[in-house]
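Beneath this line is the structure, given in structure tokens, with notes to follow.
The values are calculated or read from the model by the stated rules, or taken from the named source; none is laboratory data. Values in this document were obtained by computation on a predicted structure and should not be read as measured data. Please note: Cβ atoms are built from the backbone with ideal geometry, for glycine as well, and neighbour counts cover all protein chains shown. Quick note on the areas: whole protein, heavy atoms, side chains included, nothing else; ligands and nucleic acids left out. Shrake-Rupley method; radii C 1.70, N 1.55, O 1.52, S 1.80 Å.
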Amino acid sequence: VLETEILTVYFYPEFIVVEAFEGINLSYKTGFTILLKVIKLIGSKPCFLISNRINSYSVNPTDYKYLDMIPNLKGIGIVSTTERGRSNAQLEAKFFKKPFKVFDDMKSAYFWGKELLAN
């Protein structure tokens with residue numbers, strides 16, 4: 001587990017779960033040092049990311065280009081239970097070139113990611 005002032009990152013053998021705090025602005029600028037730590041911790045092993053959106057916060061969608069540059073990041077799953085959160089994630093998907101999908105629950109996101117790594 002990596003806890004910072006803007007989010008918590010949970011590391012698992014094949015995936016990462018990110019939970020950002022309420023009201024923050026998540027961007028390359030605010031998350032650069034966190035991104036470097038995450039890259040160092042995951043190494044070169046293929047993985048996927050799940051953004052568990054339990055809080056409301058903003059994301060700079062153009063910053064997904066930096067996540068595109070991580071070669072072993074195979075895809076991103078967004079878990080959101082609100083219509084607004086799902087709608088925002090659909091917009092964000094347009095800025096990420098790798099697989100990107102929105103889910104209602106963590107279990108579905110996890111199995112999607114496992115299938116992504118298997119292929």
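For the stretch 36-115, the calculated P(r), taken from all Cα-Cα distances in 10 Å bins from zero up to the bin holding the longest distance, is 18, 52, 29, 1 percent. Treating each Cα of the stretch 1-72 as an identical point scatterer and summing with the Debye formula, the log10 of I(q)/I(0) at q = 0.19 Å⁻¹ comes to -0.77. Of the listed residues M69, M106, the order by accessible area with a 1.4 Å probe, largest first, is M69, M106.
I want the antiparallel fraction of DSSP beta bridges within the chain, as a percent rounded to 5.
Antiparallel: roughly 30 percent of the beta bridges in the chain.
Under a 5 Å amide H cut-off, with hydrogens placed 1.01 Å from N, F15 pairs with F48 among residues at least 5 apart or on other chains.
Charging the Cβ of each Asp and Glu at -1 and of each Lys and Arg at +1, and nothing else, the dipole of the chain about its Cα centre rounds to 420 debye. When the chain is treated as a Gaussian network with alpha carbon springs shorter than 10 Å, the biggest mean-square fluctuation among E83, E14, E92 belongs to E83. Of the residues L41, L73, S51, the one whose Cα sits farthest towards the positive end of the charge dipole of the stretch 28-84 is L41 (charges of +1 on Lys and Arg Cβ, -1 on Asp and Glu Cβ, taken about the Cα centre). Pairs of Cα atoms under 8 Å, at least six residues apart: use those to get the relative contact order of the stretch 51-119, whole percent. That works out to 37 percent. State, as an integer percentage, the relative contact order of the chain based on alpha-carbon contacts under 8 Å between residues 6 or more apart. Relative contact order, the chain: 23 percent.
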